[in-house]
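The values are calculated or read from the model by the stated rules, or taken from the named source; none is laboratory data. In this text, all values refer to a predicted model and were calculated from it rather than measured experimentally. Here Cβ is always computed from backbone atoms with ideal geometry, including for glycine, and neighbour counts include all displayed protein chains. For the accessible areas, the whole protein counts, side chains as well, though only heavy atoms, and no ligand, DNA or RNA atoms are used. Shrake-Rupley method; radii C 1.70, N 1.55, O 1.52, S 1.80 Å.
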Amino acid sequence: MLLEEIRKKIVDYGNQLISSGLTIGTAGNISIYDPETGYMAISPSGIPYAQTTPEDVVVMDLQGNVVDGKRKPSSENGLHAAFYLEKPDARAVVHAHSMYCTTLACAGVDLKATHYAIADTGVATVPTVPYFTYGTPELAAAVRECLRGTDSKALLMANHGMVAYGDSLEKAFAVAMTCEWCAQVEWRAMAIATPNVLSDEQMAEVIEHYKTYGQAKEDGKKSQGYFG
């Protein structure tokens, strides 16, 4: 089976999408990009995560062609490909309809630096992509256009949800978790007062500090981030 280990990892993290509360039902999707083949493996469309097997995961090229797999790929495969085409360091993408990120995206409220943990995204404000129908080339194009203008590891999508990427699935998932936690903090702060948002200068200092955060691992890499 082509990209077998990658497909197994997508199954594992699909179940974590549910257990972490990042999404419900069959909402959301996960992909991993393999630079050696130029293919991405992506979760299938409409199959509950607990029922998904590695054989259900679909392997595609970045032009939308199925290379291996008998299932229909996620309807957001074009959105995932946009990350790999636009960001050379992207190796995995996590898209979720997490409650608080989605709430802000539906209210037209940016995900801001109410808490410094947003530094996991690499920016002080996570940008929002305008609304387009899910699974369409128009949405994928809008995401790619937004990525061109930001260093953020995550995006909100208006009236839809959130999406995050990283140089591994572990990091992409950690960024998604951080965004959801920060969105909940922002929402709760808005419920009692006007949030005290950290300045760009304050966040630049935090982002610099994050470069040495955590324990170095055997491969020389650092911890995944605030949630990893």
(request) Sticking with the crude label model, points 7 Å out along Cα→Cβ, report the distance from residue 36 to residue 110 in nm, one decimal please. (result) 4.2 nm
(message) Rounded to the nearest percent, how much of the accessible area of the chain (1.4 Å probe, protein heavy atoms only) is carbon and sulfur?
(response) 51 percent
(message) At 0.36 nm per residue, and after removing the present C-alpha to C-alpha distance, how many nm does the segment from residue 192 to residue 167 gain when stretched out fully?
(response) 5.3 nm
(request) Working from Cα positions, state the angle (0 to 90°, nearest 10) between the long axis of helix 200-210 and the longest principal axis of the chain. (result) 60 degrees
(request) Averaging sequence separations of C-alpha pairs under 8 Å and six or more residues apart, then dividing by the length of the range 74-216, give the relative contact order as a whole percent. (result) 35 percent
(request) With a ≥ b ≥ c taken as the square roots of the eigenvalues of the C-alpha gyration tensor of the range 73-228, please select rounded if a/c is under 1.5 and otherwise prolate if a/b is larger than b/c or oblate if it is not? (result) oblate
(request) Before rounding to the nearest 500, sum -39500 (n - 2.57) across all DSSP H runs of length at least 4 in the chain and divide by the residue total; then give [θ] at 222 nm in deg cm²/dmol. (result) -11500 deg cm²/dmol
(request) Assuming a ≥ b ≥ c are the square roots of the Cα gyration tensor eigenvalues, decide whether the range 1-148 counts as rounded (a/c under 1.5), prolate (otherwise, with a/b larger than b/c) or oblate. (result) prolate
(request) Give the shape of the range 85-138 as rounded, prolate or oblate, defined through the alpha-carbon gyration tensor: a ≥ b ≥ c are the square roots of its eigenvalues, a/c under 1.5 means rounded, and otherwise the shape is prolate if a/b is larger than b/c and oblate if not. (result) oblate
(request) Over the range 1-46, average the accessible area per residue using a 1.4 Å probe and give it in Å², no decimals. (result) 44 Å²
(request) Taking the dipole about the Cα centre of the chain, with the C-beta of Lys and Arg at +1 and of Asp and Glu at -1, give me whichever of 41, 114, 26 is farthest to the positive side. (result) 26
(request) Sticking with the crude label model, points 7 Å out along Cα→Cβ, report the distance from residue 211 to residue 19 in nm, one decimal please. (result) 3.6 nm
(request) Could you give the size of the charge dipole of the chain about its Cα centre, using +1 on the Cβ of each K and R and -1 on the Cβ of each D and E, expressed in debye and rounded to the nearest 20? (result) 360 debye
